[in-house]
Amino acid sequence: MIPIPASELILNPDKTIYHLSLHPEQVADTIITVGDPKRVSMISNYFDRLDVSVRKREFITHTGEIGGKRFTVLSTGIGPDNIDIALNELDALVNIDLVNRVPKPNPVSLKFIRMGTSGSLHPEIPVDSLVVSAYGIGLDNVMEFYDWTPSPEEEELKEMAGQLVEMGKIHPYAVKGSTALIEALRRDEPLGITLTSPGFYGPQGRILRLPNPNAERLLKLLPSFSYKGIPLTNIEMETSAIYGLSRLLGHQALSFNAILANRITQEFSPNPKLAVTKMIETVLERLV
């Protein structure tokens, strides 16, 4: 097997992976991803023991144990481009022999649990509530760079999303979350379709000083969209890329979304930290 070149699999002088600065033994099989670096310590404060604390750029990693179970918490920063870095490097840490630079013969399957924040598209999904993503629809182009073959239902959802968006150069893709993780970790939270955007303002229909000709139409149409009885519930910036790359790499992924904004009622959470804390405690209790 031909070794992966140094220009493609980049290691730091201490042999850690390039962006995350981690060694393989510093990563648990269950990885909690968050966007905000400050949220890492909010989660690791619940650990019984903290074994690893590493920071490079926006990527902060804490690995430790709760109730005898090992978890890694990683801040990815905002957006699907950062997800491309984080998931590929995490996969490389567990599934590539970094000394000989070749894939390992028996790949490890990781579990990715996203604890993110999001905006609701329905009045009945209020701020401070929690939504579980059955599917992610990506408005980004990350998956265009990989050999991606959607399932029949993902292809059907993608075609429906394309007709809904109709924004010319944007070609949505659709990915299903892990059914096993949904069954294990979801309780009575709304199950929804999450729209992943490559930006926070124009791509999500917000208008400040720049005109956005699609904003009004987009926000009127999105709440009416559903697939197999599952509504399009929220907009954020990471879920579809996490779902897509996890599927390609042989991992499982599930996205939890703390609703901080309601785009229809134009409300924002009066206490976003409390909403995030509630999500963290809810999800950790189920994981442990």
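Each value in this text was obtained by applying a stated rule to the coordinates, not by laboratory testing. For clarity, every value in this text was computed on a predicted model and none was experimentally measured. Quick reminder, even Gly has a Cβ in these numbers, built from the backbone with ideal geometry, and neighbours come from all protein chains shown.
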Could you work out the relative contact order of the chain? I mean the mean sequence separation of Cα pairs under 8 Å and 6+ apart, divided by the number of residues, in percent. 23
Distance between Cα centroids, the stretch 246-264 to the stretch 115-187: provide it in whole Å. 8
Please give the length that would be gained between residue 18 and residue 226 if that part of the chain were fully extended, namely 0.36 nm times their separation in residues minus their C-alpha to C-alpha distance (nm, one decimal). 70.9 nm
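Please work out whether the stretch 101-221 counts as rounded, prolate or oblate from its C-alpha gyration tensor, where a ≥ b ≥ c are the square roots of the eigenvalues and a/c under 1.5 means rounded, while otherwise a/b larger than b/c means prolate and anything else oblate? Present the calculation step by step, with values, prior to reporting the outcome.
On the way: a/c = 1.91, a/b = 1.33, b/c = 1.44.
Since a/c reaches 1.5 but b/c is at least a/b, the shape of the stretch 101-221 is classed as oblate.
State which entries of 56/228; 158/220; 38/69 exceed 30 angstrom in Cα-Cα distance in the structure shown.
Working: 56/228 42 Å; 158/220 19 Å; 38/69 22 Å.
Exceeds cut-off: 56/228.
What dipole magnitude, in Debye to the nearest 20, does the stretch 24-287 give about its Cα centre under +1 on Lys/Arg Cβ and -1 on Asp/Glu Cβ?
Numbers: 27 positive and 32 negative charges, 106 e Å.
Charge dipole of the stretch 24-287: 500 debye, to the nearest 20.
Using Cα pairs under 8 angstrom and six or more residues apart, how large is the relative contact order of the stretch 119-181, in percent? Write out the running numbers ahead of the final one.
Numbers: 48 pairs, mean separation 28.6, N = 63.
Averaging sequence separation for qualifying contacts and normalising by length gives 45 percent for the stretch 119-181.
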The stretch 129-288: antiparallel DSSP beta bridges as a percent of all, rounded to 5: 50
Please list, in order along the stretch 26-38, the HN-Hα scalar couplings obtained from phi with the Karplus expression 6.51 cos²θ - 1.76 cosθ + 1.60 (θ = phi - 60°), rounded to whole Hz, x for Gly and Pro. 8, 10, 8, 6, 10, 10, 9, 9, 9, x, 6, x, 5
How large is ³J(HN,Hα), in whole Hz, for each residue of the stretch 248-256 in order, when computed from phi with the Karplus curve 6.51 cos²θ - 1.76 cosθ + 1.60 and θ = phi - 60°, using x for Gly and Pro? 5, 8, x, 10, 10, 8, 9, 10, 9
Using modelled backbone amide H atoms (1.01 Å from N, in-plane), which distant-in-sequence or interchain residues come within less than 5 Å of residue 267's amide H? 262
Calc'd 3J(HN,Hα), the stretch 42-50, phi into Karplus 6.51 cos²θ - 1.76 cosθ + 1.60 (θ = phi - 60°), Hz, glycine/Pro = x, comes to 4, 7, 5, 4, 8, 5, 6, 8, 9
Could you give the length gained by full extension between residue 100 and residue 124, i.e. 0.36 nm per residue of separation minus their alpha carbon distance, to one decimal place? 3.3 nm
According to a simple spin-label model (label point 7 Å from Cα along Cα-to-Cβ), what is the distance in nm between residue 155 and residue 278? 4.2
Fraction of alpha-carbon pairs in the stretch 24-287 farther than 23 Å apart, rounded to whole percent, equals 50
